[in-house]
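Have a look at the structure below before the remarks.
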Amino acid sequence: MKLPYEDWECFQAGLYRANYDEWTRGIEQSAELLRSDGLYEAMKHVAENWSCSANHYFTKNAGAWVPWLGHAACCFEFGVPNWVTKKAWHVLTMDEQCRANAVAHQVYSEWKIESEVYNGQGVLI
């Protein structure tokens, strides 16, 4: 029997794996992405290319989509699991964290307007 999360692109990409050999390098890469202007594009790639994962996290996990989107963007870009991105998050300043969260909110708002599971006004169909 196939479990629902096995269809999530983020799961298939290794977002939840426990081991990762290059974690020190991954923390540095993830922190750099989270504080960079490229974060928006990385998050947009996740929202557009990982539709099964995005549909799940953006509609069924109130609030959990904010960290997921950051974790998924780092996984999408560098193949790092979520625990590496969690470590990178603590390297950021409070201002950098607030900026990354604002980018996540922007991408989520755009996704809601463009998504087939919403009616373009943020209301689930």
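Here are the numbers for this structure:
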item: Within straight-line cross-link reach of K86, aspartates and glutamates at Cα separation under 12 Å, skipping those fewer than 8 residues along the same chain; result: E28
item: Mean separation of Cα contacts under 8 Å, 6 or more apart, over the residue count of the chain: relative contact order %; result: 33 percent
item: H90-I113 pseudo-label distance in nm [points 7 Å out on the Cα-to-Cβ vector]; result: 3.7 nm
item: The chain - mean residue ellipticity at 222 nm from DSSP helices (-39,500 (n - 2.57) per run, n ≥ 4, rounded to 500); result: -19500 deg cm²/dmol
item: Evaluated at q = 0.11, 0.16, 0.20 Å⁻¹: base-10 log I(q)/I(0), Debye formula over Cα of region 24-114; result: -0.25, -0.55, -0.86
item: Added length on full extension, which subtracts the Cα-Cα distance from 0.36 nm per residue, D21 to Y40; result: 4.2 nm
item: Net charge of Cβ neighbours under 12 Å - reference R99; Lys, Arg +1; Asp, Glu -1; result: -2
item: Sites N55 and H105 - FRET efficiency at Förster radius 22 Å, r taken between beta-carbons, to 0.05; result: 0.80
item: Inter-centroid distance (Cα atoms) of region 47-105 relative to region 1-32, Å; result: 12 Å
item: Cα-based reach from K112 at 19 Å (exclusive), listing lysines while leaving out same-chain residues under 8 positions away; result: K44, K60
item: Charge tally in the Cβ shell below 13 Å around H45, where Lys, Arg are +1 and Asp, Glu are -1, H45 excluded; result: -4
item: FRET E, pair E32, E6, Förster distance 25 Å, beta-carbon r, rounded to 0.05; result: 0.20
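Since every read-out is calculated from the coordinates, none of them should be taken as a lab result. Keep in mind that what you see is a predicted model, and the values were worked out from it rather than measured. Glycine gets a Cβ as well: all are built from the backbone with ideal geometry, and neighbour counts include every protein chain shown.
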